[in-house]
Amino acid sequence: MLLVTPEEMAVLDRRTIEEAWLPGMVLMEVAGRGALAFFEEVAPGFARRPVAVLCGSGNNAGDGFVIARGLHCRGARVLVVCLRDPAGLSGDARANFEIAERVCVPVRVFEEAGDFDAQFAPVAGAGAVVDAILGTGLKSEVTGLYRRVIEAVNGLSAPVFSVDIPSGLHGASGRPLGAAVRATATATFGYA
């Protein structure tokens, strides 16, 4: 198995976009669909459970929106929980959020000042959780709402499936940066 650093993977992504003329939107679509297929493979019945998809504010969230749309289009019960205002999304992640909205994927935005337990209740009640919060670019300790959500996710009995890397892990060292999701399985793309 070939292991790559986050920096090496970023170079591979950029080269794929620039030299193979494969747009980032296509890469994100393939990644999201591949992750969904992997989750269904490692957890038979995955799409028959109510699924909460936790999304941050970067491209990892974009993969989460693709997964949520795939589940929704199959008739699955899915809820996207955005941990940041989606208005702050950009690029391919923003486009995939807008597509998910257009096909009526249920979305809730977590209000940092709101009642945490009430807002987290739909996640706690899900039959499976998709972690699309933070990706491989994380360089500093996880704090604030993200840390609180990660810690709450780790207290759930439902299986947790991470996209690209469990949120909170440093992409090069694999060490937790304050708090990290303890994933049941993680879908990686191209290389581990």
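Quick look at the values:
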read-out: Cα-centred dipole magnitude for the chain, charges only on beta-carbon of K, R (+1) and D, E (-1), debye, nearest 20; value: 420
read-out: Å² per residue, accessible surface of the chain at 1.4 Å; value: 49
read-out: Spin-label model distance (nm) - Arg48 vs Leu22, 7 Å beyond Cα toward Cβ; value: 3.3
read-out: Charge tally in the Cβ shell below 14 Å around Leu22, where Lys, Arg are +1 and Asp, Glu are -1, Leu22 excluded; value: -3
read-out: Long-range tail of P(r) for the range 1-73 (Cα pairs > 13 Å, %); value: 71
read-out: Ordering of 37-43, 61-67 by packing [mean C-beta count within 10 Å, highest first]; value: 61-67, 37-43
read-out: Accessible carbon and sulfur surface of the range 46-107 relative to its total accessible area, %, 1.4 Å; value: 47
read-out: Whole-percent carbon and sulfur share, accessible surface of the range 116-192, 1.4 Å; value: 50
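The values are calculated or read from the model by the stated rules, or taken from the named source; none is laboratory data. What you are looking at is a predicted structure, and each value in this text was computed from that prediction instead of being measured. Backbone-built Cβ (ideal geometry, glycine too); neighbour counts: all protein chains shown. The accessibility values were calculated without ligands, DNA or RNA, using every heavy atom of the protein model including side chains. Shrake-Rupley method; radii C 1.70, N 1.55, O 1.52, S 1.80 Å.
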